[in-house]
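Right, one structure below, let's go through it.
The values are calculated or read from the model by the stated rules, or taken from the named source; none is laboratory data. Given the structure is predicted, the values throughout are model-derived calculations rather than measurements. Don't worry about glycine lacking a Cβ; one is built from the backbone with ideal geometry, like all the others, and counts go over all protein chains shown. Side chains are part of the model used for accessible areas, which takes the heavy atoms of the whole protein and leaves out ligands, DNA and RNA. Shrake-Rupley method; radii C 1.70, N 1.55, O 1.52, S 1.80 Å.
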Amino acid sequence: MNNNLAPTYQRLFGSYWVLWYETSNSYSVVDDDFKHLLYDYLECASLDAFKSTVARVDSSLDADTIAKNLQSYLEQCNAEHGSDELLSTDFIVSKRKISKQYVFKDKAFQVNFDSDLVKKTIHPSIAHLETENNVSPSVIFDIYIESDQLCLFKNEVLVRIVPKQNYHFIQGKFAMELLSFIHDNEESDWLGTFHGSTISDGENSILFVGASGKGKSTLCALLTAKGFELVADDVSPMLAADSHIYHNPSAISIKKGAFSLLRPLVNGFDELPNTVFNKTKGVIKYLPCKTPNKDHYPCCAIIMVNYTKDSDTTLELRSIKEALETLIPESWLSPDPLHAKSFLDWLSKTPLYQLTYSDTESVTEEITKCFNRFKNH
């Protein structure tokens, strides 16, 4: 059979195999029976040989249909994902209608926007970094709409262009460019950026993931109010060199449903500006947090957050299948084979939990206990 379609890496996690395909930079989680059937198919010299192999296992099975399904699976796993980028537009200096300057530690940068609407895609989460002083920025970003396309430039060089309704891709690319600038890295140095929020106890960190509305940002705001450090909200970057999660200085985005919960815990909460970008998300406040003591921390656990009203607080181990289904869809993972291997190595030694909670005191205690398990490891 066509072994060019075989996965580049295979790794066993409990009762599941994780397969990584280099061509598409995609991860697939399969059970043991499927994995062995797949490799029987790949290792057979011909379709007739595979039919004979299947017949020896169970003569009632339809080998033709199985072969067709396996071939379709392999083709899908190896399909290169097309890009919605079209990096072919000139920089338009007249689009610089609004200019903002920011400083993080000793790093100064400038972002120019063509409208208040475009400004809302980036500025609210980094507004606390804005400076009124005249600074000499090391890097200048420009974000504007041209012909219904949202464009991101870095030092007048186009780095991303997408249909304006796909603004979240620009937000993600801007975050990557900003993080690389802040931490003196290139995009190729990162193992990935996870769609999740990260909290530290000053020694280790925990990555909180979950679908929108499950309460991960709210939980992080609660935990910072209780003395934990915010490492990153929403975009948590991991460097390939050490598999640590690095600080992202963006503020925590808080949806209106959590305002009453956080108001008594956060000083000056009502003074935080309200931001409305679209009707789906509604009113959002951005809560800036104190810079953590270190730029990066090892990640000792992944926790899927599930806020459920009036529920008991529980923290239960979950499978690799659930980890990847939660982590991968909205995360960026490096296509470098060495980085993919490092990601699997890190994942193999990082426990995954599901946290269900409603009570703020008990959830703080539970997270404290979780951190204590990894002390001095």
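For the range 297-343, what are the residues that are open to solvent by less than 30 Å² (accessible area, probe 1.4 Å) and either part of a strand (DSSP E or B) or without any contact (Cβ under 8 Å) to a residue 24 or more places away in the chain (or both)?
Tyr297, Cys299, Cys300, Ala301, Ile302, Ile303, Met304, Val305, Leu333 - these are the residues of the range 297-343 that are open to solvent by less than 30 Å² (accessible area, probe 1.4 Å) and either part of a strand (DSSP E or B) or without any contact (Cβ under 8 Å) to a residue 24 or more places away in the chain (or both).
Can you name every residue in the range 259-296 that is under 22 Å from the mean Cα position of the chain (by Cα), buried (at least 16 other Cβ atoms within 10 Å of the Cβ) and not β-branched (Val, Ile, Thr)?
Residues satisfying the conditions are Lys285, Tyr286, Leu287, Pro288, Cys289, Pro292, His296.
Run Glu43 past the list (1) surrounded by 15 or more Cβ atoms within 10 Å (Cβ to Cβ); (2) in contact (Cβ under 8 Å) with a residue 24 or more places away in the chain and report the number of the one that doesn't hold.
(1)
Within the group Ala67, Ala63, Ala55, Ala49, which residue is at pLDDT below 95 and buried (at least 19 other Cβ atoms within 10 Å of the Cβ)?
Values: Ala67 fails: buried (at least 19 other Cβ atoms within 10 Å of the Cβ); Ala55 fails: buried (at least 19 other Cβ atoms within 10 Å of the Cβ); Ala49 fails: buried (at least 19 other Cβ atoms within 10 Å of the Cβ).
Of Ala67, Ala63, Ala55, Ala49, the one residue that is at pLDDT below 95 and buried (at least 19 other Cβ atoms within 10 Å of the Cβ) is Ala63.
Can you work out which of the residues in the range 225-238 that are outside any helix (DSSP H, G or I), open to solvent by 10 Å² or more (accessible area, probe 1.4 Å) and not basic (Lys, Arg) is farthest from Thr350 (Cα to Cα)? If you could, list the steps in order and put the result at the bottom.
Of the residues in the range 225-238, the ones outside any helix (DSSP H, G or I) are 226-238.
Now restrict to residues that are open to solvent by 10 Å² or more (accessible area, probe 1.4 Å): 226-229, 234-235.
Now narrow it down to the ones that are not basic (Lys, Arg): 227-229, 234-235.
Numbers: Gly227: 24, Phe228: 20, Glu229: 20, Asp234: 20, Val235: 19 Å.
Going through the qualifying residues, I end up with Gly227.
Identify, by number, the condition in (1) at pLDDT 95 or above; (2) touching a strand residue (DSSP E or B) at 6+ places or on another chain (Cβ under 6 Å); (3) open to solvent by 40 Å² or more (accessible area, probe 1.4 Å) that Leu87 doesn't meet.
(1)
Answer yes or no as to whether Pro337 is more than 15 Å from the chain's Cα centre (by Cα) and within 17 Å of Ala240 (Cα to Cα).
So Pro337 fits the description; yes.
Across the range 189-224, which residue is most open to solvent (accessible area, probe 1.4 Å) among those that are under 16 Å from Gln354 (Cβ atoms) and among the charged types (D, E, K, R)?
First, the residues of the range 189-224 that are under 16 Å from Gln354 (Cβ atoms): 196-197, 206-211, 213-216, 219.
Next, from what is left, pick out any that are among the charged types (D, E, K, R): 214, 216.
Working: Lys214: 83, Lys216: 18 Å².
Ranking the qualifying residues of the range 189-224, first place goes to Lys214.
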